[in-house]
Structures are given as structure tokens and as C-alpha cells.
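The values are calculated or read from the model by the stated rules, or taken from the named source; none is laboratory data. Keep in mind the model is a prediction, meaning the values are calculated, not measured. Heads up, the Cβs are rebuilt from the backbone with ideal geometry, glycines too, and the neighbour counts pull from every protein chain shown.
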Amino acid sequence: MRKQRVLFLCTGNSARSQMAEGLVNHFLSENWEARSAGVAPAERVHPLAIAAMAELGIDISTHTPKSTEGFRDQPFDMVITVCDHAAKHCPAWLGKGEVVHIGFPDPAAAEEVTKLEVFRKVRDALKQQVLDFLVQWKLDNPRFFID
């Protein structure tokens, strides 16, 4: 069975898109291969994104923010923007793949005292909404999952 490819886009590729990539590659790896990129990549993956994912046993500590430019020529079945800024810049996405927006708040913008809790909430929302969306997409499009 051919795996479907999904690309998660965000502004900095430092938190939401990295967590989405890690969640899909961990929980849906039988049917999906996930990558992530940013329209303006940050210098590093946010340490609290790494910590929040580690709580689920998912290691994204070796991930690095990547630019969308590195993925333009790669085929994707689905491109999912996970922040409003990336969604606004999606018309510039010239690569292959159906573009869908599933927005989540920026956990890095939270108050310092509650930041880890906000990262957890965003992680859990990503896990529920993104995974449910991809599972449903597979059910609605079974022909894409046949060799």
C-alpha cells in the first residue's frame, strides 16, 4: 500500500507544524508520511514543543525548521496549514497537493507562567483534529491507498 504524503505548513515551523508532523508519523505511519515547513522558518524547534511531544513518547528533538521552498517540487496528497499566517500565504503554494486549513493558536504567544500547559492543549487539539481529519480523508478516498 502506498503511503499518502501530508505537508504541514506554519509560519516558523517551530511548534504547531512540527508537533503535527510528529503526531502523524507516530500514530498514522501505516498510511501517512508527514513533513513540515514554514513560510519564514525559525532558528530552532521550540523547546516546549519538544517537551510536550516527549510527554507522549514522541521525540522531535532532532527536528529542524525548514522552508517551504525545499518542498515545492515534492508531491503531496494533502497540504495542511495550521496557522492563519501560513493560510494567508498558501495561495503562493505552487506545489502539488490539496490545501486545507485547520488553524490552532500559537502556543509560543502564551503567558510565560502557563506556556507549557498551552503547548499541551495545542498538542492535544492537533492530535484530535488532524488525526481525525486524516483518518476520515482515508475513509472518504480509499482509492488513494491502493498500490
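Can you name the residue in the range 1-49 that is among the aromatic types (Phe, Trp, Tyr) and in contact with a strand residue (DSSP E or B) (Cβ under 9 Å, 6 or more places away or on another chain) and, of all such residues, is surrounded by the most Cβ atoms within 10 Å (Cβ to Cβ)?
Result: 8.
Quickly run through the range 38-57 and pick out the residues that are of a type outside the set (Lys, Arg) and part of a loop (DSSP other than H, G, I, E, B).
Listed by number, the residues that qualify are 39, 40, 41, 42, 43, 45, 46, 55, 56, 57.
Of all residues being part of a loop (DSSP other than H, G, I, E, B) and among the aliphatic types (A, V, I, L, M) in the range 60-94, which is modelled with the lowest pLDDT? Just the residue, please.
94
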